[in-house]
Amino acid sequence: MNLDKFFVKDTLIPAVVQEKSTNQVLMLAYMNKESLQKTLETGYTWFWSRSRQELWNKGATSGHLQNVVEIYSDCDDDTLLIIVEQTGAACHTGNHSCFYTKIY
């Protein structure tokens, strides 16, 4: 698969991660071409850390891995939806989802 079509507008694209068993949105992260390629090759999520400026394999140090089940692109090919089987918490705070603070 040619991944270039996802990176026409920018070198990073948002990736929404959703849990297969609950449909809960777990997190939003960013991918570059290399992290998307590693995700496709390994079956586990890889992202680009904007703060550390490096690739990171989600859960590699915590054990809270994300096994990829499906990946969808949006109609413009500039955002991804990644369906995963989540092990443990997805959020670095220890919460299952990063979306736990209700504001409205």
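The values are calculated or read from the model by the stated rules, or taken from the named source; none is laboratory data. What you see is a predicted model; the values in this text were computed from it and never measured. No Cβ is skipped: glycine too gets one built from the backbone with ideal geometry, and neighbour counts run over all protein chains shown. To get the accessible areas, we keep the full protein, side chains included, count just its heavy atoms, and leave off ligands, DNA and RNA. Shrake-Rupley method; radii C 1.70, N 1.55, O 1.52, S 1.80 Å.
Using a Cα distance threshold of under 25 Å, what count of lysine pairs results for the chain when pairs must be 8 or more residues apart or interchain?
For the chain, the number of qualifying lysine pairs is 13.
Ignoring everything but the protein chains, give the 1.4 Å probe accessible area of Tyr44 in square angstrom, nearest 10.
The accessible area of Tyr44 comes to roughly 90 Å².
Between helix 33-42 and the chain, what is the angle of the helix's C-alpha long axis to the longest principal axis, kept within 0 to 90° and rounded to the nearest 10?
Tilt of helix 33-42: around 60 degrees.
Return the single residue from Gly43, Gly94, Gly59 with maximal mean-square fluctuation; model: Gaussian network over the chain, springs between Cα atoms under 10 Å.
Highest fluctuation among the options: Gly94.
Anyone know which of Gln66, Gln86, Gln24 comes out most mobile in the 10 Å Cα GNM of the chain?
Residue with maximal mean-square fluctuation among Gln66, Gln86, Gln24: Gln24.
Run the simple label-point estimate for Glu54 and Leu40 please: 7 Å along Cα→C-beta, distance reported in nm.
Taking the two extended label points, one gets 2.6 nm.
Given bins 10 angstrom wide, list per bin the percent of all Cα-Cα distances in the chain, short to long.
15, 50, 30, 5, 0
Carbon and sulfur: what percent of the chain's accessible surface (1.4 Å probe)?
That share works out to 51 percent.
No other cysteine beta carbon under 4.7 Å away is the test; run it over the chain and list who passes.
If one checks each Cβ against the other cysteines of the chain, Cys75 turn up with nothing under 4.7 Å.
Mean-square fluctuation check for the chain, GNM, Cα pairs under 10 Å: which of Glu19, Glu70, Glu41 is largest?
Glu41
If contacts are Cα pairs under 8 angstrom and at least 6 residues apart, what is the relative contact order of segment 1-80 in percent?
Answer for segment 1-80 is 27 percent.
Could you give the length gained by full extension between Ser62 and Thr79, i.e. 0.36 nm per residue of separation minus their alpha carbon distance, to one decimal place? Please report the intermediate quantities before stating the final value.
On the way: separation 17, 0.36 × 17 = 6.12 nm, distance 2.62 nm.
Stretched out fully, the Ser62 to Thr79 stretch lengthens by 3.5 nm.
Using a 1.4 angstrom probe on the protein heavy atoms only, could you order Ile71, Ile83 from most to least accessible area?
So, going from the largest accessible area down, we get Ile71, Ile83.
Leaving out ligands and nucleic acids, and using a 1.4 Å probe, what accessible area per residue does the chain come to in Å²?
Result: 62 Å² per residue.
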